[in-house]
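Below: one structure, written as structure tokens.
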């Protein structure tokens, strides 16, 4: 599962892959633009230079064309993330590491 950010949009790609999770950002994208894109999409917010707190509600609503067992696998992914401290304190978002393309 990849949160793909371009200079104009935020999209969830490979949503059926619950075995990995990161946020892919174009190299050189100004952080102000990243923050604005995340906010306008309702996808989450940057929590530092290397991660984004991605809204779980946004992830669920953005997961199109997934297998029938996706919700169970996604919940298991979130449970695992919780054991690693990768959820926000309120449990509303999961941290995704930023990678650059």
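Bear in mind that the values in this text are calculations on the coordinates, not laboratory data. These numbers come from a predicted model, not from an experiment. Glycine gets a Cβ as well: all are built from the backbone with ideal geometry, and neighbour counts include every protein chain shown.
Computed values, structure above
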read-out	value
Globularity index of the stretch 1-59, i.e. its alpha-carbon radius of gyration over 2.2 N^0.38 Å	1.03
Approximate spin-label separation residue 31-residue 63, in nm, with each point projected 7 Å along Cα-to-Cβ	3.1
Chain lengthening between residue 97 and residue 9 when straightened (0.36 nm per residue, less Cα-Cα)	29.9 nm
Antiparallel %, DSSP beta bridges [both residues in the stretch 2-100], to 5	65
Stretch gain in nm, segment residue 47-residue 17, where the contour uses 0.36 nm per residue and the Cα spacing is subtracted	8.4 nm
Over the chain: Kirkwood hydrodynamic radius from C-alpha pairwise inverse distances, Å	13.5
